[in-house]
Amino acid sequence: MKAFLLVLKREVLLSLHDPRRLVFLFGAAVAYLIVFGLLYIPNIVTDVPCVVLDQENSHLSRQLLTALESSDSLHVTDYVTSEEEMREVLKEKRAYAAIEVPRDFSKKIKTGSSSDVLYMANGANIILTNITSSAVSDILADFSNRLATERVALRTGAEVETVRHVINPVTPHLRVLHNMTQGYMFFFLLGLAMVAFQQGIFFAVGASITNEYEALTAGTQDGAVHGSPWLLLLAKVVYFWLLSMLSYLLVVFLVQNLMGIPLHAPLRELLLLASTFILAAMSFVVLFSACFHKEMEFVRGIIMYPVVAFIFSGYTWPHEAMPTAMQYVADAFPLSFFSNTVRELFLAGYSPHLWHDIGALLIIALICLPLGGWLFAHKIRHYRQQATQQI
């Protein structure tokens with residue numbers, strides 16, 4: 001026990017001597033929260049620039065355009081005079097959506113025919129395309145139903161409300177649970193913060209391990225760690241696990257009090273998930289860092305990981321929609337069993353996969369930590385032998 005405390009004290013002193021580890025561990029997620037929190041403050045996308053080509057300019061077409069201008073999702077910035085000009089505006093990104101009303105718009109409606117209204121969008125940004133297409137579809141559906149109701153009521157002499165129920169016997173009501181405004185802050189921010197939190201763990205733990213190799217190679221390692229490499233590794237795991245839990249508590253506090261995202265689940269469930277994730281992430285990086293000899297080599301290798309892990313985590317693209325082979329690849333990343341579950345605990349108050357994810361994270365830890373520990377111990381002994389031979 002005394003030897004363990006001495007090694008643990010050494011880790012504390014090394015962290016104070018090289019504060020980058022603490023900056024990575026505590027600063028990465030906080031920086032992401034602040035930067036992306038400011039970015040997502042509007043929470044929803046509104047007033048997407050839109051242009052209109054009204055080839056008829058009739059009373060009926062102007063009614064439709066008034067409905068478009070009243071939408072929160074769209075902002076009519078200009079009226080163009082030709083389809084070529086409309087396409088040019090979209091190409092130059094002066095607008096992201098365009099509406100064309102044909103010349104025979106009123107004539108077809110009055111004769112009982114169907115009139116086509118062209119909606120055109122710049123599909124380079126799928127978010128803006130989805131927002132504008134949904135808004136235009138809703139406006140056109142409401143406009144068509146209103147016209148049909150008024151015409152039938154006028155011909156039959158029936159009450160408008162009665163006709164409306166006949167034409168639309170089923171009225172849809174949208175109820176979105178857990179994110180009623182469908183805000184992007186709630187959707188993206190937690191996942192991005194968890195990616196940064198994981199990367200902070202990777203940089204701190206990886207730097208601590210690779211520095212041991214460099215110190216032995218340079219002959220500058222102190223005499224306090226000539227004992228078991230496993231004891232040294234245990235001290236690192238305990239020390240950085242405790243610091244990571246403190247960092248996670250700080251993130252949770254800022255998410256609730258700075259970003260205004262409430263936690264609906266019991267805190268104990270969130271902390272239990274975080275504790276197993278931290279252990280899995282540390283085990284993963286212990287194994288990964290054992291493949292390198294120097295800190296800069298490790299940094300170059302691990303810097304490619306965050307984007308890949310985030311995409312495969314299923315946070316933005318559902319895990320179920322991935323090809324089967326890619327699902328197996330995703331299961332190798334600790335983040336796949338963490339980021340989505342954190343979002344569900346915050347927003348919904350529960351996660352049906354909580355215990356499955358905790359179990360999967362423990363399995364990752366049980367596989368990676370012994371393998372990484374064995375490689376770490378082997379390399380430490382190898383470098384010690386080289387140092388002894390040089391003496």
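The values are calculated or read from the model by the stated rules, or taken from the named source; none is laboratory data. Bear in mind the structure is a predicted one, so any value in this text is a computation, not a measurement. All Cβ positions, even for glycine, are placed from backbone atoms using ideal geometry, and neighbour counts span all protein chains on display. Surface accessibility is based on the protein's heavy atoms, side chains included, excluding ligands, DNA and RNA. Shrake-Rupley method; radii C 1.70, N 1.55, O 1.52, S 1.80 Å.
The table below gives the values:
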| item | result |
| --- | --- |
| Estimated 222 nm signal from helices in the chain, with DSSP H stretches of n ≥ 4 weighted -39500 (n - 2.57), rounded to 500 | -22000 deg cm²/dmol |
| Ordering of 28-36, 276-284 by packing [mean C-beta count within 10 Å, highest first] | 276-284, 28-36 |
| Whole-number D in µm² s⁻¹ for the chain, Kirkwood Cα-pair radius fed into Stokes-Einstein, 25 °C, 0.890 mPa s | 97 µm²/s |
| Region 1-101 - accessible surface per residue (Å², probe 1.4 Å) | 56 Å² |
| Sequence ranges 117-123, 299-305, ranked by mean other-Cβ count within 10 angstrom, highest first | 117-123, 299-305 |
| Accessible area in square angstrom per residue, region 176-280, 1.4 angstrom probe | 38 Å² |
| Pairwise label distance in nanometres, GLU297 with GLU84, each label 7 Å out on the Cα-Cβ vector | 6.3 nm |
| Sorted peptide list for 182-192, 148-158, 376-386, criterion being average Cβ within 10 angstrom, highest first | 182-192, 376-386, 148-158 |
| Accessible carbon and sulfur surface of the chain relative to its total accessible area, %, 1.4 Å | 64 percent |
| Stretchable slack from ASP104 to TYR119, in nm (0.36 nm times residue separation minus alpha-carbon distance) | 3.8 nm |
